[in-house]
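Comments concern the structure below.
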Amino acid sequence: MTTDRRLLIVGAGQAGVQTASSARELGWRGPITLLGAEPHAPYARPPLSKAFLNGTATVDSLALRTPEFYADHRIDLVLDERVEHLDLAGDGTGSAVTAAGRRWAFDRLVLATGAAPRRLPLEGADLEGVVVLRDLHDAMSLARRLDAADHMVVVGGGFVGLEVAAAAVAAGVRTTVVEAASSLMNRVVSPVTSEVVERAHRACGIHVLTGVRPTRLTDDGQGVVAAVELDNGVRLPARLVLVGVGAGPRDDLAAAAGLHCHNGIVVDDRSLASDGHTLAVGDCANLPDPSPTRGRVRRLRLESVDNAAEQARAAATTLVGRPQPYRSVPWFWSDQGSLKLQIAGLAGPDDDVIVRAGKRPGQHTTLRYRGPALVAAECINSPADFLAVRKALTTGTSLSREAAADTRITLKQHLSTAVTALHP
């Protein structure tokens, strides 16, 4: 595999930066260009909905790498250049054209274009004061608006919505969360964990409404949002509305270039797209489940820092001609006020639940089982349980349901015993 050719990475988020870094570390000798659409140097996104809003993180502290890193690793970081078109040849070479009319030629291409926040298809969704949170510009705007807001409505009870709601209430803003499903975070956690989270948020002063949808956002007569009307007839006053209803993959460039896309850019376990040359990593990629013990192979998109970094590291091995299929236990976290939710593994809606109450107030662990196998854990303020389960899933160590239900013994001790039984 030739590693002295031109590598172009479109997208300067976590996945793009990690791909560039790992490719260089693994021996890519040719030029590496990292194209970012934003004017800001690459930064961490997760703190935007929590630490940045509450003032404990700054723009400088969010930086993924120092300016010296890019120079030292001979990575040409180009900012404020949005790619609008790809000319892609059958051998994977080609060029990328930006909105400014600049053309960047490449011999290998990596797409790390991320995801875009979904908007509400409702009357009033474009009013002033109706915002989303995906990038640093969004976060700066939201922080300014929070300072002046008295009532806020968050549409969507997922990670971002609940993180922002917690930050808003802590800042003294009266906040209501509106979730269309019957429970918060219903796509990612069990009903048991959802109930624990909802109780905690209500106790902190957040008004939570589930099973209802917004139907219209009303105008104050001057183009600014005044209220959110719901399908149950309730009208919620709001001078600020955060829309947190998920994100869709930015795969339009790939689709226009002829690559197979379906809920993201479809890649194999080496991160190769349908042409066999282009790679896609991070939130924009639709990939085989990387779980080491995944059972039936399924495809999915994983929107997490962990996946962005780990898939990118694996993708770099493909670039340098020593491909290592991507295998990793997916994990996620969310800081919501005093709650730290950590999830290891991927559970399904039909997986069984075993609850382990914590030793201290506020702690809670839910284990998920598929048949006899432990497949995931949802841990609230229980980092030791999270680490123990994540390690167990990585090594293929399981734990009987009977043992899991015995809270007299820590999960770490349980799993250590299980490992000893397998490897005496």
(request) For residues that are outside any helix (DSSP H, G or I) and touching an Asp or Glu at 6+ places or on another chain (Cβ under 6 Å), scanning just segment 177-202, find the one that is nearest to residue 368 (Cα to Cα). (result) 189
(request) Answer yes or no: is there a residue in segment 271-283 that is under 30 Å from residue 184 (Cβ atoms), of a type in the set (A, V, I, L, M) and assigned to a loop (DSSP other than H, G, I, E, B). (result) yes
(request) Go through 34, 8 for me and flag whichever is in a strand (DSSP E or B) and either among the acidic types (Asp, Glu) or touching a helix residue (DSSP H, G or I) at 6+ places or on another chain (Cβ under 8 Å) (or both). (result) 34
(request) May I ask you to list the residues in segment 382-398 that are assigned to a loop (DSSP other than H, G, I, E, B), more than 19 Å from residue 191 (Cβ to Cβ) and either at pLDDT 90 or above or polar (S, T, N, Q) (or both)? (result) 397, 398
(request) Within segment 98-121, identify whether any single residue is farther than 29 Å from residue 25 by Cα and buried (at least 20 other Cβ atoms within 10 Å of the Cβ), and answer yes or no. (result) yes
(request) Quick one: count up the residues across segment 200-239 that are touching a residue at least 40 places away in the same chain (Cβ under 8 Å), of a type in the set (Gly, Ala, Ser) and crowded, with 19+ Cβ neighbours inside 10 Å. (result) 2
(message) Could you list, ordered by first residue, the pairs with Cβ atoms under 9 Å in which the first is in segment 110-130 and in a strand (DSSP E or B) and the second is hydroxyl-bearing (Ser, Thr, Tyr), at least 6 apart or interchain?
(response) 110/19; 110/271; 110/278; 111/278; 123/215; 123/218
(message) Looking at the structure I just gave you, is residue 142 crowded, with 22+ Cβ neighbours inside 10 Å, assigned to a loop (DSSP other than H, G, I, E, B) and not assigned by TED's automatic domain parsing to the domain that holds residue 11?
(response) no
(request) Would you be able to say whether some residue in segment 51-71 is in contact with a Gly (Cβ under 7 Å, 6 or more places away or on another chain) and part of a loop (DSSP other than H, G, I, E, B)? (result) no
(request) Find the residue count for segment 364-379, including only residues that are free of Cβ contacts under 8 Å to residues at least 40 places away in the same chain and surrounded by fewer than 18 Cβ atoms within 10 Å (Cβ to Cβ). (result) 2
(message) So residue 390 ticks every box in (1) among the charged types (D, E, K, R); (2) touching a residue at least 40 places away in the same chain (Cβ under 8 Å); (3) within 30 Å of residue 172 (Cβ to Cβ) but one. Which box is left unticked?
(response) (3)
(request) Enumerate the pairs (first residue in segment 279-305 and modelled with pLDDT of 95 or more and crowded, with 22+ Cβ neighbours inside 10 Å; second residue anywhere and basic (Lys, Arg) and part of a loop (DSSP other than H, G, I, E, B)) with beta-carbon separation below 6 Å, excluding pairs fewer than 6 apart on the same chain, so at least 6 apart or on different chains. (result) 284/250
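The values are calculated or read from the model by the stated rules, or taken from the named source; none is laboratory data. Model, not experiment: these values are computed from the prediction. A quick note on method: Cβ atoms are made from the backbone with ideal geometry, for glycine too, and the neighbour counts reach across all protein chains shown.
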